[in-house]
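Structure first, then comments.
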Amino acid sequence: MADTSHQVVVAAAVLRTGCLLAARRRTPARLAGAWELPGGKVEPGETDAAALVRECREELGAEIDVIERMEPAVTLESGWVLRGHVVRLAAGSSEPVPGAEHDAIRWLMPEELDDVAWLDADRPLVDALRERLLDGEPLPGGGVGGAVRIGPTVRRPAGPWTPTIAELLDHLRAHGVPCVPRPLGVDARGREVLSYIPGETVAGGDGSVPGWARGDDVIGAVGRWLRRYHEAARSFRPADPRWRLAGGDAEELAPDRVVCHNDIAPANIVVERDVTTGRVELAGVLDWDVAGPGRAIDDLAFAAWNLVPLHAELAAVEAARRLWVLAEAYGGIDPYELLAAVPVRLGTSIDRIQAGAARGDAGMRRLLAAGVVTRVETARARLTERLPQVDRALARES
């Protein structure tokens with residue numbers, strides 16, 4: 001039932017990926033140029049929710065779902081009451097566009113809320129949303145966890161290693177390595193901020209990997225990218241190297257080592273896919289926080305484990321064929337040597353997870369609690385038994 005005890009104005013706080021929609025007034029003249037939350041008067045016999053749906057349709061050309069009412073209400077100078085409501089765009093809604101009352105709209109990240117001149121009446125509602133916007137939208141994938149999206153950025157837990165990783169990403173971009181996020185500093189919660197890379201992750205939100213992602217396009221693209229990355233990373237010598245897998249301690253790079261990504265896995269690979277032609281192109285490589293010194297073949301071995309994938313009960317002939325695809329895409333690598341490196345790399349993974357958990361690293365503790373170590377040990381044992389078959393199949397593929 002409608003509230004008739006006050007004359008009510010409703011405001012829609014439209015949230016999406018940690019951003020708030022702001023609209024700039026066109027009319028009346030005394031308000032022109034000021035920014036507000038879209039909304040308007042509640043008509044007699046109308047509920048707040050119905051008024052919000054109607055106003056957003058009229059003002060933005062968008063459909064919304066009303067989530068919850070904000071507290072407290074704001075009493076206006078006129079004696080009217082302004083009630084804010086958190087809303088989201090409804091599934092299938094058109095993108096919001098300015099209507100007759102507005103000449104511009106903007107999606108504002110939490111750091112941008114003060115970049116516009118808000119109407120005084122809306123300012124308390126905007127201030128009440130600051131912390132909520134910083135929560136962002138949790139991103140799927142990645143066992144270490146903790147990443148959220150806020151607009152065109154990703155926020156991740158930071159540590160002593162964060163400045164080194166930012167320096168690495170800047171180095172790679174300066175050397176023309178594609179598919180690398182841009183470091184953008186640290187936010188109000190002390191999280192590292194990176195540019196968001198749009199596209200489709202190879203692993204779905206539930207961790208499943210579709211058949212197309214096992215194709216030669218993806219395996220070959222990752223192999224070629226790894227070669228380009230390693231060549232650029234060989235000249236990287238950070239000023240004060242600190243690595244997550246070393247507990248945040250400094251560790252110099254030995255001459256025969258390179259900074260490995262250390263987590264080439266489906267959840268960390270973003271692609272652009274043409275569903276009509278089936279063509280797949282690499283768009284991004286994510287989750288750089290565990291990058292650190294290692295052998296170049298270690299990255300390739302972990303990629304083989306996850307992308308061939310050697311952890312699956314794949315026919316030896318097909319596993320060998322895909323290993324050849326990966327090795328030839330990378331170039332200059334013996335697939336027999338690559339195959340032999342996989343169990344060794346898995347042992348390193350197990351050691352790192354256990355050591356990190358023992359140090360109190362929350363991400364590594366989550367992996368341990370989720371049973372990742374046990375699953376890897378079991379799968380590694382099965383792979384060790386199958387190695388002679390795959391090795392013989394490699395000879396046939398050659």
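The values are calculated or read from the model by the stated rules, or taken from the named source; none is laboratory data. For clarity, every value in this text was computed on a predicted model and none was experimentally measured. No Cβ is skipped: glycine too gets one built from the backbone with ideal geometry, and neighbour counts run over all protein chains shown.
Residues checked against (1) within 17 Å of Arg345 (Cα to Cα); (2) not β-branched (Val, Ile, Thr):
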{"residue": "Asp216", "(1), (2)": "no, yes"}
{"residue": "Val222", "(1), (2)": "no, no"}
{"residue": "Ala246", "(1), (2)": "yes, yes"}
{"residue": "Arg257", "(1), (2)": "yes, yes"}
{"residue": "Val280", "(1), (2)": "no, no"}
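Kindly provide the set of residues from the range 219-249 that are closer than 12 Å to Ile165 by Cα, charged (D, E, K, R) and surrounded by fewer than 19 Cβ atoms within 10 Å (Cβ to Cβ), ordered by number.
Scanning the range 219-249 gives Arg237, Asp240.
Quick check on my filter: what residues within the range 246-261 are touching a helix residue (DSSP H, G or I) at 6+ places or on another chain (Cβ under 7 Å) and either outside the structural domain of Ala203 (by TED's automatic domain parsing) or closer than 13 Å to Asp299 by Cβ (or both)? Quick ask: steps written out before the conclusion?
Of the residues in the range 246-261, the ones touching a helix residue (DSSP H, G or I) at 6+ places or on another chain (Cβ under 7 Å) are 247, 258-261.
Answer for the range 246-261, where residues must be touching a helix residue (DSSP H, G or I) at 6+ places or on another chain (Cβ under 7 Å) and either outside the structural domain of Ala203 (by TED's automatic domain parsing) or closer than 13 Å to Asp299 by Cβ (or both): Val258, Val259, Cys260, His261.
Conditions: (1) closer than 19 Å to Arg88 by Cα; (2) out of contact with any Gly (no Cβ under 6 Å at 6 or more places or on another chain); (3) at pLDDT 95 or above. Glu55 meets all but one. Number of the miss?
If we test Glu55 against (1) closer than 19 Å to Arg88 by Cα; (2) out of contact with any Gly (no Cβ under 6 Å at 6 or more places or on another chain); (3) at pLDDT 95 or above, just (2) comes out false.
Taking interchain pairs and intrachain pairs at least six residues apart, which have beta carbon atoms under 7 angstrom, with the first residue in the range 298-314 and free of Cβ contacts under 8 Å to residues at least 12 places away in the same chain and the second of a type outside the set (Ser, Thr, Tyr)?
From the range 298-314, the pairs are Leu314/Val308.
Here are some residues: Gly79, Gly84. Which one is of a type outside the set (Val, Ile, Thr) and either under 24 Å from the mean Cα position of the chain (by Cα) or within 30 Å of Val186 (Cβ to Cβ) (or both)?
Working: Gly79 fails: either under 24 Å from the mean Cα position of the chain (by Cα) or within 30 Å of Val186 (Cβ to Cβ) (or both).
Selected residue: Gly84, the only one of Gly79, Gly84 that is of a type outside the set (Val, Ile, Thr) and either under 24 Å from the mean Cα position of the chain (by Cα) or within 30 Å of Val186 (Cβ to Cβ) (or both).
Out of everything in the range 92-109 that is of a type in the set (D, E, K, R) and either in the same structural domain as Thr153 (by TED's automatic domain parsing) or modelled with pLDDT of 95 or more (or both), what residue ends up being surrounded by the fewest Cβ atoms within 10 Å (Cβ to Cβ)?
Pass one, the range 92-109, residues of a type in the set (D, E, K, R): 95, 101, 103, 106.
Subsequent filtering for residues that are either in the same structural domain as Thr153 (by TED's automatic domain parsing) or modelled with pLDDT of 95 or more (or both) retains 95, 103, 106.
On the way: Glu95: 9, Asp103: 14, Arg106: 14.
Among them, the one singled out is Glu95.
Give just the number: which of (1) at pLDDT 95 or above; (2) farther than 17 Å from Pro181 by Cα; (3) not hydrophobic (A, V, I, L, M, F, W, C) does Tyr229 not satisfy?
Result: Tyr229 passes all but (2).
Please specify each residue of the range 230-264 satisfying the condition of being in contact with a His (Cβ under 7 Å, 6 or more places away or on another chain) and part of a helix (DSSP H, G or I).
Let us first name the residues in the range 230-264 that are in contact with a His (Cβ under 7 Å, 6 or more places away or on another chain), namely 232, 236, 258.
Ala232, the sole residue that qualifies.
Return only the number of the condition from (1) part of a strand (DSSP E or B); (2) free of Cβ contacts under 8 Å to residues at least 40 places away in the same chain; (3) among the β-branched types (Val, Ile, Thr) that Val86 does not satisfy.
The number of the failed condition is (2).
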